[in-house]
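The values are calculated or read from the model by the stated rules, or taken from the named source; none is laboratory data. All values reported here derive from a predicted model rather than from experimental measurement. Here the Cβ positions follow ideal geometry from the backbone for every residue, glycine too, while neighbour counts run over all protein chains shown.
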């Protein structure tokens, strides 16, 4: 096996292990986005999930860059990712500049992020489309057949992670789980804000502190985040723990 | 009526309103006009001491909504507690035993179906939109979709009800309500909301209220203000948020 194939296998093994252990879905999706960006050698990967109103929201991204985030969020109601969600088919835009007329607003925001090519594959659950996996490339070009299949496989894993209840045949139950994923993403970002303000940290450092505390205390990330934003757990507790761990590691 | 027209009409109902209460009433009236229902109401339930009817399409809807608080049970309370839509298409059916006392009272008013959709602000459900129908049976697809849209829009007047600081002239003449809602549902706004929670020791919903009120007062979007907060360009005092000269040092 090539090094890349090893990497792909390792990534899937790690994800299936995390799923089996009931790891927090937000953490898993963030890891999946990062794996996907590395395996497919693209500049940024975003997972966008539709709310019941049909608007797309970022539930995980491989990049913390504001410009990338803006380009993902610009596809709330238009753009290649939104088209993919509506049609349920992959969308391949090897040269975004040439396709700018199709999605003018998105193209302008994406250009600022240095995005030259865009690919999107649907997140499918039986006959329903729940969102899309979105790939940004820094140079023009298409993904080859194998890469597209890999992207689709990663999108499928993400969907499985979101709909964890195997018995979720009922559409209402599925919607509930999707809504929970969207709500918990909101609370997670709020918790990062709490730690960022209280500890004067940037967002990646705030996220790291949150994860560290959750892991070391065997608490789900979403539960810790919720306790922080409702001030049931003081920010200082999480921040002090991160400092102690950093000091220990140094 | 096609869905796009329903969506536009619901959005317009909130955009032009002079006060939050008027916006809530108009949204309820629009639901009756556009969806296949006979009444609509919006309740505010913050999980603490404050709860009550906030908007309604007519007196009967207001009465039905208030009954849920009188009896301390009902689909709108369940929708908030369980964070999901609660449907009761057959109130007089044999299997319907969720709210026995309330159900009898509501049937007495000639209503046979209720649908409650949670209204969430900053990731927290703080209210519900109730749709009432005289005939029993499920909502059709267009009506359900329209109800979900209306419940989304109801967050705007609900946020504005929570503060006296909003400048109504500016709010009413600002951007369309769908754009306003889109501006609130963004990662940087969630993060900035968390920063306000930490700075002012308020709930996430209160934090978002303040962010939105500040945005309206400066004719900015919620996203603009969120980036000012993330970049530490705004000092978050309890009374007055003012800009610093620290400039864009950047975090996200």
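General observations
- Verdict on residue B:181 being at negative phi, at the interface with chain A (Cβ under 9 Å from one of its Cβ atoms) and modelled with pLDDT under 95: yes
- Residue within the stretch A:178-195 that is free of Cβ contacts under 8 Å to residues at least 12 places away in the same chain and either over 21 Å from the mean Cα position of the chain (by Cα) or assigned to a loop (DSSP other than H, G, I, E, B) (or both) present: no
- Under the condition of being more than 18 Å from the chain's Cα centre (by Cα) and over 20 Å from residue A:51 (Cα atoms), the residues counted in the stretch B:125-160 number 6.
- Screening the candidates B:44, B:69 for the property of being away from chain A (no Cβ under 14 Å), in a strand (DSSP E or B) and either out of contact with any strand residue (DSSP E or B) (no Cβ under 9 Å at 6 or more places or on another chain) or surrounded by fewer than 24 Cβ atoms within 10 Å (Cβ to Cβ) (or both) yields one hit, B:44.
- Qualifying residue in the stretch A:234-245 (condition: more than 14 Å from chain B (Cβ to nearest Cβ), crowded, with 19+ Cβ neighbours inside 10 Å and under 19 Å from the mean Cα position of the chain (by Cα)): no
- For the stretch A:131-149, the criterion of being under 20 Å from the mean Cα position of the chain (by Cα), assigned to a helix (DSSP H, G or I) and in contact (Cβ under 8 Å) with a residue 40 or more places away in the chain is satisfied by at least one residue.
- Filtered residue count, the stretch A:16-53, keeping only those that are assigned to a loop (DSSP other than H, G, I, E, B) and either more than 28 Å from residue B:83 (Cα to Cα) or at pLDDT 90 or above (or both): 5
- Test result for residue A:60, within 14 Å of chain B (Cβ to nearest Cβ), part of a strand (DSSP E or B), modelled with pLDDT of 90 or more and buried (at least 16 other Cβ atoms within 10 Å of the Cβ): yes
- Test: residue in the stretch B:161-176 that is within 14 Å of another protein chain (Cβ to nearest Cβ), surrounded by fewer than 22 Cβ atoms within 10 Å (Cβ to Cβ) and touching a residue at least 24 places away in the same chain (Cβ under 8 Å): yes
- In the stretch A:196-213, the residues that are more than 7 Å from every other protein chain (Cβ to nearest Cβ), over 19 Å from the mean Cα position of the chain (by Cα) and buried (at least 18 other Cβ atoms within 10 Å of the Cβ): A:199, A:201, A:213
- Scanning the stretch A:77-99 for residues that are part of a loop (DSSP other than H, G, I, E, B) and surrounded by fewer than 21 Cβ atoms within 10 Å (Cβ to Cβ) returns A:77, A:78, A:88, A:89, A:90, A:94, A:95.
- Of the set (1) surrounded by 21 or more Cβ atoms within 10 Å (Cβ to Cβ); (2) within 14 Å of chain B (Cβ to nearest Cβ); (3) in contact with a helix residue (DSSP H, G or I) (Cβ under 8 Å, 6 or more places away or on another chain), all apply to residue A:70 but (1).
- So residue B:118, is it within 14 Å of chain A (Cβ to nearest Cβ) and on the phi < 0 side of the Ramachandran plot: yes
- Selection count, the stretch A:171-193, where residues are facing chain B (nearest Cβ under 7 Å) and touching a helix residue (DSSP H, G or I) at 6+ places or on another chain (Cβ under 8 Å): 7
- Scanning the stretch B:18-40 turns up at least one residue that is modelled with pLDDT of 95 or more, within 18 Å of the chain's Cα centre (by Cα) and part of a strand (DSSP E or B).
- Taking the criterion of being under 21 Å from the mean Cα position of the chain (by Cα) and either outside any helix (DSSP H, G or I) or closer than 19 Å to residue B:196 by Cβ (or both), the residues of the stretch A:214-228 that qualify are A:219, A:220, A:225, A:226.
- Pairs, first closer than 22 Å to residue A:152 by Cβ in the stretch A:99-123, second at pLDDT below 95 and in a strand (DSSP E or B), C-beta under 7 Å, six or more apart: A:122/A:129; A:123/A:129; A:123/A:130
- Selected residue (only one of B:78, B:97 is in a helix (DSSP H, G or I) and closer than 29 Å to residue A:177 by Cα): B:78
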